[in-house]
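*Asks:* Handing you this structure, nothing more for now.
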Amino acid sequence: MHEAGIAAEILEIARAQAVAHGKARVAEVTVRVGDMSGVVAEALEFAFEALRDGPASGAALVMKRIAVLAKCETCGTESRPGADLVLWCESCGRPLKVLEGEELTVESVVLEGAEE
Ligand SMILES: [Zn+2]
């Protein structure tokens, strides 16, 4: 299950933040999940909850879905292809470059607790 590896990486980033800032706990982690990232939200949430430990044992996971935004490099037309994911320009028929929607990144980590 590839979400387990992703959840482990997210938790690793969160724990590193707690250590870097000398905080005891991770309260919340916000991730940006692109619609084209291939991540199943429910599976990621399940893996995240199963793998939480240490300073991140009580952390909440907040997922922001990022809709696909694509741009034609030939004529500059931007479009949001939606679920059908047609990545061809409606104006000139050239392939589109995906600007947003493929990412899976940690946007923010909320820490709490006294400094250790
Ligand atoms: Zn075009």
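The values are calculated or read from the model by the stated rules, or taken from the named source; none is laboratory data. Fair warning: this is a prediction, and the values are worked out from it, not measured in the lab. Glycine gets a Cβ as well: all are built from the backbone with ideal geometry, and neighbour counts include every protein chain shown. The protein model used for the area step is the full one, side chains on, heavy atoms only, and it has no ligands, DNA or RNA in it. Shrake-Rupley method; radii C 1.70, N 1.55, O 1.52, S 1.80 Å.
*Asks:* Which distance in nm do the two modelled labels at Ile13 and Leu51 give, with both placed 7 Å along the Cα-to-Cβ direction?
*Replies:* 1.2
*Asks:* Order the peptides 35-45, 93-103 from the highest to the lowest mean number of other Cβ atoms within 10 Å of their residues.
*Replies:* By packing density, highest mean first, the sequence is 35-45, 93-103.
*Asks:* To continue, here is another question. At 7 Å along the Cα-to-beta-carbon direction for both Glu90 and Ala27, put a label point, then send me their distance in nm to one decimal.
*Replies:* Output for this residue pair reads 4.2 nm.
*Asks:* Hey, could you pull the Cα Rg and Dmax for the chain, both in Å?
*Replies:* Gyration radius and largest Cα-Cα distance of the chain: 17.7, 59 Å.
*Asks:* Just to confirm the number: angle between the C-alpha axis of helix 41-51 and the first principal axis of the chain, 0 to 90 degrees, nearest 10?
*Replies:* The angle comes out at about 20 degrees.
*Asks:* Say the dipole of segment 26-116 comes from +1 at the beta carbon of Lys and Arg and -1 at that of Asp and Glu; which of Gly113, Leu69, Ala50 then lies farthest toward its positive end?
*Replies:* Positive-end residue among those listed: Leu69.
*Asks:* Mind checking which aspartates and glutamates have their Cα closer than 16 Å to the Cα of Lys97? Skip sequence neighbours fewer than 8 apart in that chain.
*Replies:* Result set, ordered by chain and number: Asp35, Glu73, Glu78, Asp84.
*Asks:* Pop a pseudo-label 7 angstrom from the Cα along the beta-carbon direction at both Ser108 and Thr77 and give the gap in nm to one decimal.
*Replies:* Inter-label distance under the simple model: 3.7 nm.
*Asks:* Shifting gears a bit: Of all accessible surface on segment 2-115 at a 1.4 Å probe, what whole percent is carbon and sulfur?
*Replies:* 50
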